[in-house]
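Structure, as structure tokens:
Each reported figure results from applying straightforward, stated rules to the coordinates on display, with no laboratory input. A quick note: this is a predicted structure, and the numbers were derived from the prediction, not measured. Here the Cβ positions follow ideal geometry from the backbone for every residue, glycine too, while neighbour counts run over all protein chains shown.
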Amino acid sequence: MTRDYRQASPTRPAPRRAHCRSCLWSFLLGGMLGAFGVGLLWTLNPDALRSTPAPLPPKVERPAPEPPSFQFPDLLRDTEVEIGGTVPRPTPRPIAQPTPVGAPAADPAPLPAAATTADGRGFMVQVASFKRGADAERLKAELALLGLASRVEVATIPERGTFHRVRIGPYPDQQSVEQVRAFLKQHGKDSATIPLR
């Protein structure tokens with residue numbers, strides 16, 4: 001049978017915790033002796049505990065920094081810009097497609113220019129329609145990077161709200177429309193043909 005040595009034996013009682021009282025008295029006695037020593041030192045030499053500030057170094061006067069000289073306002077004042085007339089629209093240019101490995105390099109066919117027939121008929125290519133105008137402007141910018149000039153048309157449909165349509169064109173014939181739609185499909189954009197009446 002095992003014996004538990006942690007318990008006090010029945011013949012000898014558990015020791016009393018008297019050392020806690022002695023710690024408290026030791027702490028109080030040490031504090032009183034320290035206070036007495038500081039007081040005695042202060043009475044014998046009162047200047048010992050006072051701290052005297054160190055003398056400040058003499059001030060060195062520095063010259064004021066020179067103000068910076070900005071030449072930009074002078075350049076703007078001397079430059080004259082004439083504003084007038086209309087700004088020409090850049091002509092859209094097609095972006096060259098990468099050729100497959102081993103295939104002969106060929107010039108890409110230029111995209112047809114937007115135009116209508118004499119009687120006002122033709123076709124538009126609608127790339128997308130959005131509820132938010134910011135989304136339509138973002139797509140218009142993407143198409144401009146592809147070299148396609150587009151515009152955003154706002155249409156209000158009863159009971160459905162306002163839509164912002166991104167359209168390219170007009171084109172005079174269906175063949176031109178199919179070239180543009182094939183170009184858009186190569187760049188991952190679906191589109192629809194809208195006939196003009």
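Among Val180, Val166, Val60, Val154, which comes first, second and so on when ranked by fewest other beta-carbon atoms within 10 Å?
Ordered from fewest to most neighbouring Cβ atoms within 10 Å, Val180, Val166, Val60, Val154 come out as Val60, Val154, Val180, Val166.
Could you put Ser150, Ser26 in order, starting from the residue whose Cβ has the fewest other Cβ atoms within 10 Å? Please report the intermediate quantities before stating the final value.
Details: Ser150 24, Ser26 10.
Lowest to highest Cβ neighbour count: Ser26, Ser150.
Any idea what log10 I(q)/I(0) is at q = 0.22, 0.25 Å⁻¹ for the stretch 122-196, Debye with uniform C-alpha scatterers and no solvent?
After summing over all Cα pairs, the log10 values are -0.97, -1.17.
Which is farthest toward the positive dipole end of the stretch 122-196 among Gly147, Phe123, Gly133, measuring Cα position about the Cα centre, with Cβ charges +1 (Lys, Arg) and -1 (Asp, Glu)?
So the residue furthest toward the plus end is Gly133.
At a 10 Å Cβ-Cβ cut-off, how would you order Trp42, Trp25, fewest neighbours first?
Values: Trp42 13, Trp25 9.
So the residues, fewest neighbours to most, are Trp25, Trp42.
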